[in-house]
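Comments concern the structure below.
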Amino acid sequence: MLVTGLGTFWGSRLAQQLEQRDDVEIVVGLDTTEPRLPLEHTEFVRADSSYSILSRIVQAAKIDTILHTHLLVDSTSSTGRALHEINVIGTMNLLAAAGAAGSPVRKVVVKSSTLVYGANFKDPYSFREEMSRTSAPRTEVERSLLEAANFLRDFAEDNPHVTVSKLRFSNVLGDDIDTVFSKALRMVAVPEILGFDPRFQFTHEDDVEGALLFATTNDVPGVYNIGGDGTIPWSEVCAIVGKPRIPLPPLLTNWAVEPLRMTRVLDLPPEMLSLLRYGRGVDNRRFKRAGYEYKYTTVGTVDAFARSLRLERVVGDSSSSYRYERDVETFFRHSPAIVRTDP
Amino acid sequence: MNLVAEEARAARPNPLEPSPTVGRSLVPVPVEAETVSAGPPDSELRRGDVDAWGRSERVRALARMLYDPVYRYWFRAEWEGLENIPTDGGALIVANHAAAIPSDAPVIMHGIEVELQRAVYGLAENLFRTLPVVGTLWSRTGGVPAHPDNAYRLLHDEQQLVLVFPEGAKGTGKHYRDRYKLRRFGRGGFVEIAMRAGVPIVPIAVVGAEESMPILWKSKRLAKLLGLPYFPITANTLLMGPAGLVTYLPAKFKLRVLPPIHLDAEPDQERYSRSRVMEESERIREEIQIALYDMLRTRRSVWFG
C-alpha cells in the first residue's frame, strides 16, 4: 500500500487508519514534507514532488494499491507553478510508475475535487459524474486537476486490470482541516457577494477519510462525487456558524477582495469567488449505491464545524503538535533494542 | 471489532476478479459510524427553509399574497380545461410566451398553485442567475435555470410539474404586429426531456400576455451594447414613462389547457430520433397555434375578454 501526500493532512490521517487494518501489511508514505501525525509503522520516504523515484519503490516494495491524496485543491496554499508540478507532473509520474511493465499495482484511488466542474450560471443544480463543466477553466488549480483527470482516464483505459477509483470531493469542513471556506467562516464577519446567496454542499472531513478508505478497501472502479446530502444557502451556513455577513460588491469582485489578500486577512481565489456567486451541487448517489454510508449531511457538517468553532473559542487550538523526528522514528522501527511482540 | 474485521476479510473478494456486486456485500465503514451519525436530524439544524431547488416556502407565501390581487383583479385570469393537468405525477407544461417582461409565467404558476394546490417549477433562461438580488428572489420564488438535467430531475426523480416556454426569448422579444404567431420551438429539447423522463406534455394556450406589455420598437444596437437578448420600447413606457417598465396593461388573461400528450417512447434513452422529436415538437406547436386562433375568434375585447 502506497500513500502519496503523507505530509498533508489527509495523507497522514489515512496512513494512520490503514495501519490499524489487519489486511494492510505495509504502508509506504511518500511526500516532500514530513508526516503531520504520529505513525506507528508507516515507512516514510522523502521524495521530490514529481515522484521520480516512484517506480523503484513500487517494484521494490511490491506495492499493490496506490492511494493518491496529493492533489492540491487549495490554490491559496501554493503558487501556480507548484500546483502544476504536483498535480500534473506528479500524477503523470505516479501513473507512469504504476503502469510500467510488470508493475504489481492493482488498484489506484485518487482524491480529486468537484472544482473540476467549476461554478457558472449555466450549470445544472446537481452535477452527475458523467457531466463536464459548462465553462472553460480559468484558474491554474482547475486546469491542473482536469489535466490530472485526463492522465487518469488514459491510465484506466490502458490498464484494464487495475481498479481505478476517482473521488471528487465537494468543499470540506472539519475540526482539523483548514480550507478557504473554513478560514472565511472563522473571520469576525464572513464575506458574501451582495445579492447572491448560492447553494453550498459540504463534505465532513470524517467522510473524506471514510470515503477514501472505502474505495481503498473495496472494489469501486469509476468516478464518484462525494458530498453530504442536501445543499444549503451560504446565508444559512453563516447563520448556523453564528457569524454576520459582510457583502462584497457584485461587480469587480475580484478587485474588491484584493485588499483582503494583500493584508493576508483572507485569500479568496477566483474559483472560490465564482462559487460564492453561483454555488455548486453534486449528485452523490452513485457512491451511495456502491455501498458507502455518509456520516454527515451538508447541514450536519456545518453544524459539527460550528460546534468545533465554539470549543476552539474557549480552549484554543487543540490540534496535534506532533513533529516528525527521523532518528526517533528509525529507532522505534528498526532498532534491535525495541521489544517486539509478534501478533 | 476484531470479529468485524474478520468478517470483512472473509467477505472481500479477490481484487483481480471484481465481483458483480461491487462493494455492496462488503463492510464499508467502521461499525461506530452508526453512533457517530446519531446527531440531531437535519430538520433541527436548519436555520432557513430553502430547499435543494433554491426555493423558500416563506418567500413563496409572501409572493403569493402580493401577487394574488394582480392575478385576480388586474389580469382576471380565467382557466379552461384545468382537469387536463394531472393531479399527481410529473408533467411538462408548455405554453406560448409573450410580453417584453413575460407576464405569462407568473400567471400560469400562480394559477395552477391556487386552483390545483400543486407547485409548479418554472424553467427560465439561466441569465437570471447572473443578476444580483433579482436572481436570488427569482430562485426563492420557484424559478429554476433551464438546464436539461434540472428538468429531468424535477420531472423524473421528483415527479413535479415543470413549466417551460419552448419559444424562449424569441417569443417575448417579438414585435406587437407578430402577436399570437408562434415562433420556432427551439430544437425540440422539451420533447426529448419529456421522453427521457417518461412524463406527458400538457400544452397551454395563453391569450392576454401579448397585450400586457407590447413591444412597439426594438433597438438591436442597444441590446448588443447592454448584452440583453433584446432592447424594447414598449407601449407601457410610452404611456406611463419609467413606471411602464414595471407596470403591465390590464389585459384580460384567458388560458386553455389542452389534453395531455403521452409520448410513446422508451424513457431514459441516451438519444431519441431527431425526426421524431421535431415531429412531436411541431405537432404541439401547431396545437397551441390552433387553440390560440380559436380563442382569439371568440374574444370581443382585449381588456374584458
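The values are calculated or read from the model by the stated rules, or taken from the named source; none is laboratory data. It should be emphasised that the depicted structure is a prediction, and the values quoted were computed from it without experimental measurement. Ideal geometry is used to build each Cβ from the backbone, glycine not excepted, and the neighbour counts take in all protein chains shown.
Where helices (runs of 4 or more DSSP H) sit wholly within the range A:215-263, none has at least 2 residues that are more than 24 Å from A:Pro191 (Cα to Cα).
Do you know which of the residues in the range B:90-135 that are of a type in the set (Val, Ile, Thr) and in contact (Cβ under 8 Å) with a residue 12 or more places away in the chain is farthest from B:Trp79 (Cα to Cα)? Only one residue fits best here, namely B:Ile101.
Considering only the range A:231-244, state which residues are surrounded by fewer than 20 Cβ atoms within 10 Å (Cβ to Cβ), more than 13 Å from A:Asp303 (Cα to Cα) and either of a type in the set (Ser, Thr, Tyr) or at the interface with chain B (Cβ under 9 Å from one of its Cβ atoms) (or both). Once the filter is applied, which keeps residues that are surrounded by fewer than 20 Cβ atoms within 10 Å (Cβ to Cβ), more than 13 Å from A:Asp303 (Cα to Cα) and either of a type in the set (Ser, Thr, Tyr) or at the interface with chain B (Cβ under 9 Å from one of its Cβ atoms) (or both), the range A:231-244 yields only A:Ser235. Note on the range B:75-85: among residues that are in contact with a strand residue (DSSP E or B) (Cβ under 7 Å, 6 or more places away or on another chain) and part of a loop (DSSP other than H, G, I, E, B), the one that is farthest from the other protein chains (Cβ to nearest Cβ) is B:Gly81. Based on what the data block shows, is A:Gly227 more than 9 Å from every other protein chain (Cβ to nearest Cβ), within 18 Å of B:Asp42 (Cα to Cα), out of contact with any Lys or Arg (no Cβ under 6 Å at 6 or more places or on another chain) and surrounded by fewer than 21 Cβ atoms within 10 Å (Cβ to Cβ)? So A:Gly227 does not fit the description; no. Among residues of the range B:140-152 being more than 8 Å from chain A (Cβ to nearest Cβ) and over 24 Å from B:Glu282 (Cα atoms), the one that is surrounded by the most Cβ atoms within 10 Å (Cβ to Cβ) is B:Gly143.
Only strands (runs of 3 or more DSSP E) whose full extent lies in the range A:1-76 are considered here, and none of them has at least 1 residues that are hydrophobic (A, V, I, L, M, F, W, C), touching a His at 6+ places or on another chain (Cβ under 9 Å) and at positive phi.
Filtered by the rule that a residue be more than 9 Å from chain A (Cβ to nearest Cβ) and either without any contact (Cβ under 8 Å) to a residue 60 or more places away in the chain or surrounded by 20 or more Cβ atoms within 10 Å (Cβ to Cβ) (or both), the range B:153-166 gives B:Leu154, B:Leu155, B:Asp157, B:Gln160, B:Leu161, B:Val162, B:Leu163, B:Val164, B:Phe165, B:Pro166. Restricting attention to the range A:167-175, does a residue exist that is farther than 30 Å from B:Gly135 by Cβ, assigned to a loop (DSSP other than H, G, I, E, B) and charged (D, E, K, R)? Checked the range A:167-175: at least one residue is farther than 30 Å from B:Gly135 by Cβ, assigned to a loop (DSSP other than H, G, I, E, B) and charged (D, E, K, R). Number of residues in the range A:117-155 that are hydrophobic (A, V, I, L, M, F, W, C), under 12 Å from A:Arg168 (Cβ atoms) and within 14 Å of chain B (Cβ to nearest Cβ): the value is 2.
Apart from one condition, B:Ser275 fits all of (1) modelled with pLDDT of 95 or more; (2) out of contact with any strand residue (DSSP E or B) (no Cβ under 7 Å at 6 or more places or on another chain); the exception is (1). Selection of the range A:185-201 for residues being buried (at least 22 other Cβ atoms within 10 Å of the Cβ) and outside any strand (DSSP E or B) yields A:Phe196, A:Asp197, A:Pro198, A:Gln201.
Here A:His204 passes the criteria (1) within 13 Å of chain B (Cβ to nearest Cβ); (2) surrounded by fewer than 21 Cβ atoms within 10 Å (Cβ to Cβ); (3) farther than 30 Å from A:His161 by Cβ except the one numbered (2).
Okay, residues lined up against (1) within 22 Å of B:Ala105 (Cα to Cα); (2) in contact with a Leu (Cβ under 9 Å, 6 or more places away or on another chain); (3) part of a loop (DSSP other than H, G, I, E, B):
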{"position": "B:Leu249", "(1), (2), (3)": "yes, yes, yes"}
{"position": "B:Lys252", "(1), (2), (3)": "yes, no, yes"}
{"position": "B:Pro259", "(1), (2), (3)": "yes, no, yes"}
{"position": "B:Pro267", "(1), (2), (3)": "no, no, yes"}
{"position": "B:Glu270", "(1), (2), (3)": "no, no, yes"}
{"position": "B:Val277", "(1), (2), (3)": "no, no, no"}
{"position": "B:Ser281", "(1), (2), (3)": "yes, no, no"}
{"position": "B:Ile284", "(1), (2), (3)": "yes, yes, no"}
{"position": "B:Tyr293", "(1), (2), (3)": "yes, no, no"}
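Can you tell me which of B:Glu280, B:Glu270 is under 22 Å from B:Tyr152 (Cα atoms), buried (at least 20 other Cβ atoms within 10 Å of the Cβ) and of a type outside the set (Gly, Ala, Ser)? The unique qualifying residue is B:Glu280. Restricting attention to the range B:223-247, the residues that are assigned to a strand (DSSP E or B) and under 23 Å from B:Asn126 (Cα atoms) total 1. I'd like to verify a number: residues in the range B:191-235 that are over 21 Å from B:Ala146 (Cα atoms) and not hydrophobic (A, V, I, L, M, F, W, C), how many? Within the range B:191-235, residues that are over 21 Å from B:Ala146 (Cα atoms) and not hydrophobic (A, V, I, L, M, F, W, C) number 12.
Quick grid of which residues meet (1) within 22 Å of B:Asn84 (Cα to Cα); (2) acidic (Asp, Glu); (3) over 24 Å from the mean Cα position of the chain (by Cα):
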{"position": "B:Lys220", "(1), (2), (3)": "no, no, yes"}
{"position": "B:Thr237", "(1), (2), (3)": "no, no, yes"}
{"position": "B:Gly241", "(1), (2), (3)": "no, no, yes"}
{"position": "B:Ala265", "(1), (2), (3)": "yes, no, no"}
{"position": "B:Glu282", "(1), (2), (3)": "yes, yes, no"}
{"position": "B:Gln289", "(1), (2), (3)": "yes, no, no"}
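When the range A:268-293 is filtered for residues that are within 8 Å of chain B (Cβ to nearest Cβ) and in a loop (DSSP other than H, G, I, E, B), the ones remaining, listed by number, are A:Gly281, A:Ala290, A:Gly291, A:Tyr292, A:Glu293. Of everything in the range A:250-264 that's closer than 15 Å to A:Glu192 by Cα and away from chain B (no Cβ under 11 Å), which residue is surrounded by the most Cβ atoms within 10 Å (Cβ to Cβ)? Here the residue is A:Val257.
Scanning the range B:86-139 for residues that are touching a His at 6+ places or on another chain (Cβ under 9 Å), of a type in the set (S, T, N, Q) and away from chain A (no Cβ under 14 Å) yields nothing.
The rows are residues; the columns are (1) of a type in the set (Ser, Thr, Tyr); (2) assigned to a helix (DSSP H, G or I); (3) modelled with pLDDT under 90; (4) within 30 Å of A:Ala290 (Cβ to Cβ).
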site: B:Ala10; (1), (2), (3), (4): no, yes, yes, yes
site: B:Val27; (1), (2), (3), (4): no, no, yes, yes
site: B:Glu44; (1), (2), (3), (4): no, yes, yes, yes
site: B:Tyr67; (1), (2), (3), (4): yes, yes, no, no
site: B:Tyr73; (1), (2), (3), (4): yes, yes, no, no
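Kindly list, by first and then second residue, each pair from a residue in the range A:234-263 that is within 19 Å of A:Gly279 (Cα to Cα) and free of Cβ contacts under 8 Å to residues at least 60 places away in the same chain to a residue that is in a helix (DSSP H, G or I) and among the small types (Gly, Ala, Ser), limited to pairs with Cβ atoms under 8 Å and residues at least 6 apart or on different chains. Correct list of pairs: A:Arg245/A:Ser235; A:Leu248/A:Ala256; A:Pro249/A:Ala256. The residue list A:Pro247, A:Pro160, A:Pro221 contains one member that is within 12 Å of another protein chain (Cβ to nearest Cβ), surrounded by fewer than 22 Cβ atoms within 10 Å (Cβ to Cβ) and in contact with a Leu (Cβ under 6 Å, 6 or more places away or on another chain), which is A:Pro247.
Looking only at residues of the range A:14-38 that are among the hydrophobic types (A, V, I, L, M, F, W, C) and without any contact (Cβ under 8 Å) to a residue 60 or more places away in the chain, we find that the one that is nearest to the other protein chains (Cβ to nearest Cβ) is A:Val24.
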